[in-house]
1. Please identify the trypsin sites (Lys or Arg not before Pro) of region 143-250 that satisfy two criteria: DSSP loop assignment and at most 16 other Cβ atoms within 10 Å. Which are they?
2. What whole-number distance in Å separates the alpha-carbon centres of region 306-344 and region 132-200?
3. Just to compare against my own numbers: the Cα pair-distance distribution for region 123-178, 10 Å bins, whole % per bin, please.
4. Per 10 Å bin, what is the whole-percent P(r) computed from every C-alpha pair distance within region 149-271?
5. Any cysteines in the chain with zero other Cys Cβ atoms under 4.7 Å from their Cβ? List them, or say none.
6. Among all helices in the chain defined by DSSP H, which have a length of 15 Å or more along the axis from Cα atoms plus a Kyte-Doolittle mean of at least -1.0?
7. Considering only protein heavy atoms, what per residue accessible area in square angstrom results for the chain with a 1.4 angstrom probe?
8. With only alpha-carbon pairs counted, each pair once and no self-pairs, how large is the Kirkwood hydrodynamic radius of region 1-135 in angstroms?
Amino acid sequence: MKSLSAKNVSAGDIYDGIFSSRPDDAFSAACRARNEFFGNRIFLYGFLYISTHCVNDCQFCQYRRGNSNAERYRKTLSECLEAARGLADEGVHLLDLTLGEDPFFTVGDGFERLLEFVSAVRAATGLPVMVSPGVLDAGKLAALRLAGADWYACYQETHDRTLFARLRTGQDFDLRRNARLEARKAGLLVEDGLLAGIGEGRKEIIRSLDAMRKQDLAQARAMAYVPHACTLKPEKTDNLERELRLLAAMRLLMPDRLVPASLDVEGIDGLKARLGAGANVVTSIIPPSRGFCGVASPNLDIDNQRRSIAAVVRILKQEGLEPATPSEYQAWMAKCRENLKRDI
Ligand code: MD0
Ligand code: SF4
């Protein structure tokens with residue numbers, strides 16, 4: 001495969017290169033690009049789904065408002081802190097506080113709770129915090145940064161408006177996109193993500209990749225759609241392969257940024273393939289037996305401890321990779337923030 005990681009290559013060229021190559025060629029090009037910027041070091045993110053309540057009705061998500069069978073809970077601050085300390089002791093580099101769009105944490109005085117969770121988790125663990133709370137306005141994003149958050153994650157799923165309307169029913173495309181732009185202005189590092197296997201073709205994927213690159217993200221992800229009885233009927237059966245090719249495409253498009261391998265799609269058994277497609281972060285490491293859920297796969301590999309650091313590190317070693325040190329992660333964040341500041 002010809003070299004695709006040059007800065008001036010278009011999203012279309014990357015798409016055609018990655019989606020029409022043999023998987024081995026596509027994935028080894030992506031791994032070469034990753035190794036060039038990150039060596040054999042991998043970052044590890046702990047995941048805390050603190051509220052599974054949500055006012056939205058996303059057709060691909062079992063936590064959508066209309067599903068009365070979803071497992072709903074809200075964690076207290078002390079439950080959250082206990083789990084956060086556990087993950088920190090195990091050696092994660094960051095803690096991701098995720099919630100459905102839950103007014104209890106985001107509207108009126110409720111927002112103070114979210115700020116309190118962020119600052120308390122930060123103080124208790126000393127780790128960087130990512131917040132994934134859904135759409136927030138500029139003032140709230142700035143307040144999260146002041147409370148000590150480093151990252152804001154908010155996934156568009158697709159940058160095609162028609163597809164977006166089908167997936168995130170009743171939600172505003174621009175509002176969601178603007179939340180990421182405002183977050184960046186507030187000094188947060190930003191992550192966007194695509195859902196794979198929900199009706200996207202070449203045109204939609206190129207549009208999405210191009211839009212992602214233009215946002216100057218610090219982290220970009222793709223996750224295969226995991227269908228459930230109560231969610232959208234799957235359009236395609238090649239979701240997993242699509243995800244891997246998207247990871248490789250994102251790696252080549254944004255070679256020095258972070259691209260996660262999530263344990264939330266296939267659990268630990270899917271880790272090797274995602275690392276092999278050029279990912280350099282393992283996300284969705286969840287503490288066992290504390291009643292915390294995943295998002296796409298609520299219970300997969302959690303209480304059997306297969307989403308633990310020990311299980312992840314074993315696989316990293318088999319692949320010739322290693323967990324980064326905490327200071328390597330902090331240094332990467334600082335460098336990224338500097339680079340982004342320059343072109344704001
Ligand atoms: C993951 N389930 O990493 C999590 C989640 C939100 N920032 C992350 C989608 O797969
Ligand atoms: Fe709510 Fe997020 Fe699920 Fe959409 S994807 S229904 S916003 S929890």
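The values are calculated or read from the model by the stated rules, or taken from the named source; none is laboratory data. Small disclaimer: the values here were computed from a predicted structure and weren't measured. Here Cβ is always computed from backbone atoms with ideal geometry, including for glycine, and neighbour counts include all displayed protein chains. The protein model used for the area step is the full one, side chains on, heavy atoms only, and it has no ligands, DNA or RNA in it. Shrake-Rupley method; radii C 1.70, N 1.55, O 1.52, S 1.80 Å.
1. Of the trypsin sites (Lys or Arg not before Pro), the ones in loops of region 143-250 whose Cβ has at most 16 other Cβ atoms within 10 Å are 236.
2. Region 306-344 and region 132-200 have Cα centres separated by 22 Å.
3. Distribution as computed: 21, 43, 25, 10, 1 percent.
4. Whole-percent P(r) values from 0 Å outward: 13, 45, 36, 7.
5. 31, 54, 80, 154, 230, 293, 336 - these cysteines have no disulfide-compatible partner (Cβ-Cβ under 4.7 Å) in the chain.
6. 23-38, 77-90, 110-125, 202-214, 239-253
7. 40 Å²
8. 17.9 Å
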